[in-house]
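The values are calculated or read from the model by the stated rules, or taken from the named source; none is laboratory data. Just so you know, these numbers come straight off a predicted model, no measurement behind them. So basically every Cβ, Gly included, is an ideal-geometry build from the backbone, and we count neighbours across all protein chains shown.
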Ligand SMILES: [Cu+2]
């Protein structure tokens, strides 16, 4: 069988997600939110990664999000969703509306990528006084 793409492993398909206000690369992913938060998240799918391709990014039940912009261009059709396709080389800005407490997962929806490490878990605390 001809190999079209290199095999994916946690070493060559890292999921690096950070808030726009975070600085630097490769910082640990430690999302901690509270119900009621509205969080901006930037997804960067680097063209020069070891495994450049589109990634359907999904956030489990913590809430819903809007795609605010793609490559800096404001998204004209704001629709609540839980998954967005991040094209190769694309930068997407999301606004996550956090509505449900618990431990949740965010990941690429391609099973091979998820299993090779494009996944994180994060915590959502209940709303104060709840
Ligand atoms: Cu993927």
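So that you can scan it fast, the table gives a plain yes or no per residue for (1) closer than 19 Å to residue 120 by Cα; (2) surrounded by 13 or more Cβ atoms within 10 Å (Cβ to Cβ):
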position	(1), (2)
32	yes, no
39	yes, yes
43	yes, yes
47	no, no
56	yes, yes
62	yes, yes
75	no, yes
82	yes, yes
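Number of residues in region 46-90 that are in contact with a strand residue (DSSP E or B) (Cβ under 9 Å, 6 or more places away or on another chain), away from the ligand (no atom under 16 Å from the Cβ) and assigned to a strand (DSSP E or B) equals 10.
Restrict the check to region 121-130 and report whether at least one residue is within 16 Å of the ligand (Cβ to nearest atom) and under 12 Å from the mean Cα position of the chain (by Cα). It would help to see each step written out before you state the result.
The first filter runs over region 121-130 and keeps only residues within 16 Å of the ligand (Cβ to nearest atom), leaving none.
Checking region 121-130: not a single residue is within 16 Å of the ligand (Cβ to nearest atom) and under 12 Å from the mean Cα position of the chain (by Cα).
Would it be correct to say that residue 107 is under 15 Å from residue 61 (Cβ atoms) and touching a helix residue (DSSP H, G or I) at 6+ places or on another chain (Cβ under 9 Å)? First the steps, then the outcome.
Details: under 15 Å from residue 61 (Cβ atoms): yes; touching a helix residue (DSSP H, G or I) at 6+ places or on another chain (Cβ under 9 Å): yes.
The answer is yes for residue 107.
Every condition in (1) assigned to a loop (DSSP other than H, G, I, E, B); (2) surrounded by 13 or more Cβ atoms within 10 Å (Cβ to Cβ) holds for residue 105 except the one numbered (1).
For region 31-45, filtering for residues that are away from the ligand (no atom under 16 Å from the Cβ) and assigned to a strand (DSSP E or B) leaves 8. Scoring residue 26 on the criteria (1) modelled with pLDDT of 85 or more; (2) on the phi > 0 side of the Ramachandran plot leaves a single failure, condition (1).
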